[in-house]
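Worksheet for the structure shown next.
Throughout, read-outs are computed from the coordinates displayed, never taken from laboratory work. As the structure is a computational prediction, the values presented were derived from the model and not from experiment. Neighbour counts are summed over all protein chains in view; Cβ atoms, including those assigned to glycine, are modelled from backbone coordinates with ideal geometry.
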């Protein structure tokens with residue numbers, strides 16, 4: 001029963017969109033299927049990872065997820081039933097052809113600037129994580145890699161997150177027009193981002209574009225998409241083993257399902273969350289909501305969500321040498337460490353409400369007879385701009401550049417610099 005509660009609750013947080021919009025056009029939810037299989041179904045149902053932890057902690061964890069999941073669903077349905085946004089944006093005001101030309105021009109400019117910035121960043125740092133002596137330490141810019149990274153941190157992060165934001169738009173532009181420039185730029189961007197060993201930002205844009213095309217082609221293509229997405233996430237899970245960053249050590253396997261353990265190792269969310277809960281249970285460190293804004297403060301601010309989770313886990317270790325960017329905690333757990341059970345209810349309900357509210361708006365746009373470029377822009381807006389509402393509990397400074405960039409796709413700013421866009 002505990003396995004089922006953990007799996008279903010986490011599945012709700014990840015794939016809630018299916019509850020209010022069970023459609024092949026719900027591209028946003030399709031992208032969560034592979035993650036749900038790898039990060040929740042395999043560890044909770046097949047491996048039963050929670051059995052390795054204290055029963056008291058597991059029971060508390062399951063209760064938090066159950067209460068949070070129920071509140072999230074209530075908020076989701078309530079938000080989805082509200083009237084949608086009444087504001088007119090560029091894609092509403094401009095004609096489709098004119099808006100599409102503007103999107104192509106803007107995306108081309110951003111690709112050029114961001115690729116050049118990323119190349120300069122690697123040159124200034126003097127290393128790339130994939131080929132560093134200690135790839136995992138280099139990936140998180142810890143230890144000896146921190147000082148050279150700090151010289152170009154703003155430049156690197158800005159270009160990296162802008163590229164990860166506009167890549168799906170660029171991919172759809174190439175799909176519709178077969179432009180050589182966009183093909184070369186996309187390959188260059190993915191290659192440069194993959195060198196950082198950040199799997200999701202490097203490849204998720206292409207996966208998103210692929211999902212949009214397949215979802216709107218036919219039911220047969222949609223079925224093929226679902227199978228492909230599972231395969232992509234399995235490949236992503238074993239990515240570090242394939243490139244040699246991690247080596248297989250069969251002596252570390254704890255069950256009779258070694259292959260499932262290898263697959264699940266790419267997304268150890270449940271294990272990480274239970275380790276976090278064990279430490280928190282022993283040494284409570286409530287945030288009182290400070291992690292809501294902590295991610296907006298530069299540097300290793302103590303209430304930055306990533307720093308906070310590592311602080312709870314650490315036992316006097318130096319965080320600068322930690323090969324981790326922090327843990328992924330579900331909204332219910334964030335609510336609990338903020339304001340205990342009141343936080344579980346409030347955070348989960350609000351997150352579900354905003355998700356449902358903006359998903360309904362996205363649904364209305366996607367079902368309109370407009371181009372794939374316009375549809376993709378709206379999906380990226382949902383993932384970037386609107387996500388600041390339903391992920392209000394872990395706001396991040398890294399989302400500021402992508403949010404600003406996407407505002408250029410939403411509005412026409414009448415300044416001398418941007419009037420031609």
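Given the rule -39500 (n - 2.57) for each run of at least 4 DSSP H residues, summed and divided by the residues of the chain, what is its mean residue ellipticity at 222 nm, to the nearest 500 deg cm²/dmol? Let's see the in-between values first.
Numbers: 22 runs with 278 residues, N = 421.
So the helix-based figure for the chain works out to -21000 deg cm²/dmol.
Multiply the residue gap between residue 364 and residue 86 by 0.36 nm, knock off their C-alpha separation, and tell me the result in nm, one decimal place. Let's see the in-between values first.
Working: separation 278, 0.36 × 278 = 100.08 nm, distance 1.20 nm.
Using 0.36 nm per residue and subtracting the Cα-Cα distance, I get 98.9 nm.
Can you pull the Kirkwood radius for segment 27-106, inverse mean 1/r over Cα pairs, to one decimal in Å?
Working: mean 1/r = 0.0580 Å⁻¹.
By the Kirkwood definition, the hydrodynamic radius is 17.2 Å.
For segment 77-102 and segment 1-40, write down the distance between their C-alpha centroids in whole Å.
Distance between centres, Cα-based: 26 Å.
Name the residue, out of 220, 130, 277, whose mean-square fluctuation peaks in a Gaussian network model built on the chain with Cα pairs under 10 Å.
Looking only at 220, 130, 277, the biggest GNM fluctuation is shown by 220.
For a Förster distance of 25 Å, can you work out the FRET efficiency between the beta-carbons of residue 45 and residue 19, rounded to the nearest 0.05? Before the final figure, lay out the partial values.
Working: r = 20 Å, r/R0 = 0.79.
With a Förster radius of 25 Å, E is 0.80.
Two decimals is fine: what's Rg over Rh for segment 179-227, C-alpha atoms, Kirkwood radius as Rh? List each step's numbers first, then the result.
On the way: Rg = 13.1 Å, Rh = 12.0 Å.
Ratio of gyration radius to Kirkwood radius: 1.09.
Among 151, 328, 290, which one shows the biggest mean-square fluctuation in a GNM of the chain, springs joining Cα atoms closer than 10 Å?
Its mean-square fluctuation being the largest, the pick is 151.
If the chain between residue 63 and residue 293 were fully stretched, how many nm would it gain, using 0.36 nm times the residue separation less the Cα-Cα distance?
Details: separation 230, 0.36 × 230 = 82.80 nm, distance 2.65 nm.
So the extension gain works out to 80.2 nm.
Going 7 Å from the Cα of residue 260 toward and past its Cβ, which residues in segment 37-77 have a backbone nitrogen under 15 Å from where you end up?
37-52
Which FRET efficiency value, to the nearest 0.05, do you get for residue 341 and residue 302 by plugging their Cβ-Cβ distance into 1/(1 + (r/R0)^6) with R0 = 22 Å? Before the final figure, lay out the partial values.
Values: r = 24 Å, r/R0 = 1.11.
Once the sixth-power term is evaluated, E becomes 0.35.
Could you tell me the calculated FRET efficiency between residue 178 and residue 8, based on Cβ-Cβ distance and R0 = 45 angstrom, to the nearest 0.05? Don't jump to the answer; show the numbers that get you there.
On the way: r = 44 Å, r/R0 = 0.97.
About 0.55, to the nearest 0.05.
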